[in-house]
Structures are given as structure tokens and as C-alpha cells.
Amino acid sequence: MTARLGLDIGARELKLLEADGRRLTGHAEVLLPDGALVEGMPSPLLTTAVRSALEAGGVRATRARLAIAETGTAFRDFRLPALRQSELSRAVAFEGRRQVPMAAADVYFAWHAVRDANGYAVYLVAARREMIDALVSAVSAAGLQVEHMDLKPLALARGMAVSDGLLLEWGAAEATLVLMAQGRPRFFRTFLLDAPADDIDAQLDELALSLNALVKFMRGTASDVPITPATPLFLGGRFSFLPDGPQRAEERFEFRVVLPAPRFSVSPGFPWQAHLAGIGLIRQNQWENRLSPSQGGDIRVAA
């Protein structure tokens, strides 16, 4: 079976995960040097970081699936009335261009529509074309062939197998928060951590402050999604590597703390909890409907 590679490109971190069948076989995590990404645009430093991660992970896969942060992207969740299937693509494109504050010629559009009794629920993502093409070029220069791309919040939710609730992934230099409702990301944000990675308490305090502020914001912008102390908060990343990680999270977060379950076979000590977005990339099968710039132009995705 062909080995698969998931590459999670964050704001300050790069994570690499390799799988062969149902077994995770390689991994690496590196901090990105200053200037590797500038407002989402890569420099040659990103290529160097990818090469370093490939060497550190000892992987053999050459075909990569990429998860990217929200920088340089916009998303919209809207409804359309019942239409003939032949009219849906044109209607989504028209509404997307109306709602997304980017010139249509400058972006890749990707969308997914679910039919219900009242019409269609549409989830649409727009990503800067220049940024996406540059990321593909930077990763390709490291010796990888980019198969597909996806937004990190979507890959993270699949890796955690979460359709409803809050997701919080804690990394060495950044964290990502996602609000999922009925399988759709209603809000997501990646934020940098000021405290050094070895100051666990300071980073936990930062996470608590940021989580509280973002939840307060979400309650105003996504008021139709109740966020209460009973809302599950799924934790990934560094929480799993602290002996009392869940307990320390419960002390700081006013939500029902949950740790995700493993979804692949792993050897003892394999840090799969640090690679949940990579797991989500590897688990995705219907890639003909994902954000893949090699297809060109506006494409339909299962967002």
C-alpha cells in the first residue's frame, strides 16, 4: 500500500505525519523560522523547513496532502432555495462572488452543498490564488508532489472525529480553536502564544484567556449555536503529553473536557495527539471534491 503524507502548515509550526495503511509510521514537528510565512505567503525558508521535517521524520512518502491555516482565506455558510441540480453551481458562484470580499480572478473557490427540505445549505471557502500557488511551489521544491489541500479546521475536525462542539489544539507556539455545529465549522481561529514552550503554566493561562475571549465573540456571531458549560471541549496537542493535562484543562476551562480516541495503529510512544490535522488529511477519501488548485479555477469541495 502506498504511504501517505499529511503536512500541517501552521502560522509558526509545521507538522508532518506519514501513514502506511492503518498504521502511522513517521512524524516530525518543527518551528518555522521568522519569515517562512508572511501573511500566508511562503518564502524559501518554508521549503527548507519542509526538507528538515522530512529528514527528521525519516519518511518515504512523496505525495503530500496539505492543511493550511485560515490566513488568506474567507468562508461563508449560507442557504439557497431549492434549485435544479444543473443550476446549483451557477447560483453558488454568483452568491459566493457577492459575499466574499475578494476579486473572483484572485481566488480559488471551493464549496459543498447539502440538500434538505428547504433548499441547500452551502459552505463556501475562498483562498487567495497567489498564496495557494506559492504554497504548492514551496512544498514541491522540497521534493513532494502536492495531491490535495484543505483548511486545517476541517482536517482537525475529521482527525478528532467531531461534528459538534469546541476543538482546541495546543502546539508549542500556537493554538487553533474551532466551533463545530452539525458537521460544519462555524468559527475557527489560530492564535500565537507569547509564552515560551517550556513555560507550561504561562501557556495554559494564555489559552484560557484566549478561549474565554473567543467564546464570548462566538456567542455574539454564532448566536444560534448554544455554547454552555455542557458543550464538549475536545483537546489535542500538548494536553495529552502532560501527566495531568486533562485535569489542568478542567481547572481553567469551563467546559466538558474530552480527549480524542486513536484512529490508527501506533507504536508505543508515538505522539499521534500532536498530529490530528494530519490524521484528518490521511483519513479523507473523497478528494475529487476537496480544495485542489491543480484542478484549476472554481471547484466544488466537501467542506
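Taken together, the values in this text are just the output of simple stated rules run on the coordinates, not laboratory data. The shown structure was predicted, so the numbers you read here are calculated from the model rather than taken from an experiment. Because the Cβ atoms are built from the backbone with ideal geometry, glycine has one as well, and the counts that use them run over all protein chains shown.
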*asked:* Only counting other Cβ atoms within 10 Å, I'd like VAL100, VAL59 sorted with the fewest neighbours first.
replied: VAL100, VAL59
*Provide the packing ranking of 150-163, 64-77, i.e. peptides ordered by the mean count of other C-beta atoms within 10 Å per residue, highest first.*
150-163, 64-77
*According to a simple spin-label model (label point 7 Å from Cα along Cα-to-Cβ), what is the distance in nm between ALA74 and ALA141?*
2.9
_Extension gain (nm, one decimal) between ASP116 and GLU39, 0.36 nm per residue minus Cα-Cα_ = 24.0 nm
_Calculated FRET efficiency for the pair SER267/ASP199, C-beta based, R₀ 25 Å, to 0.05_ = 0.25
_Order of ILE227, ILE282 - criterion: other Cβ atoms within 10 Å of each residue's Cβ, fewest first_ = ILE227, ILE282
*asked:* Please report the equivalent ellipsoid semi-axes of segment 162-259, computed as sqrt(5 x eigenvalue) of the Cα gyration tensor, largest first, in whole Å.
replied: 22, 14, 12
*Just grab the label-to-label distance for ASN212 and ALA56, each label 7 Å out from Cα along the Cβ direction, in nm (one decimal).*
3.3
*When ARG98, ARG219 are ordered from fewest to most other Cβ atoms inside 10 Å of their Cβ, what list results?*
ARG98, ARG219
_Rg to Rh, two decimals, where the chain supplies the alpha carbon set and Rh follows Kirkwood_ = 0.95
*P(r) histogram, all alpha-carbon pairs of segment 29-177 included - 5 Å bins from 0, percent*: 2, 8, 15, 17, 18, 16, 11, 7, 4, 2, 0
*To the nearest 500 deg cm²/dmol, what mean residue ellipticity at 222 nm is calculated for the chain from DSSP H runs of n ≥ 4 alone, each contributing -39,500 (n - 2.57), summed and divided by the residues?*
-9000 deg cm²/dmol
*Over segment 221-272, what relative contact order in percent results from Cα pairs under 8 Å that are six or more residues apart?*
37
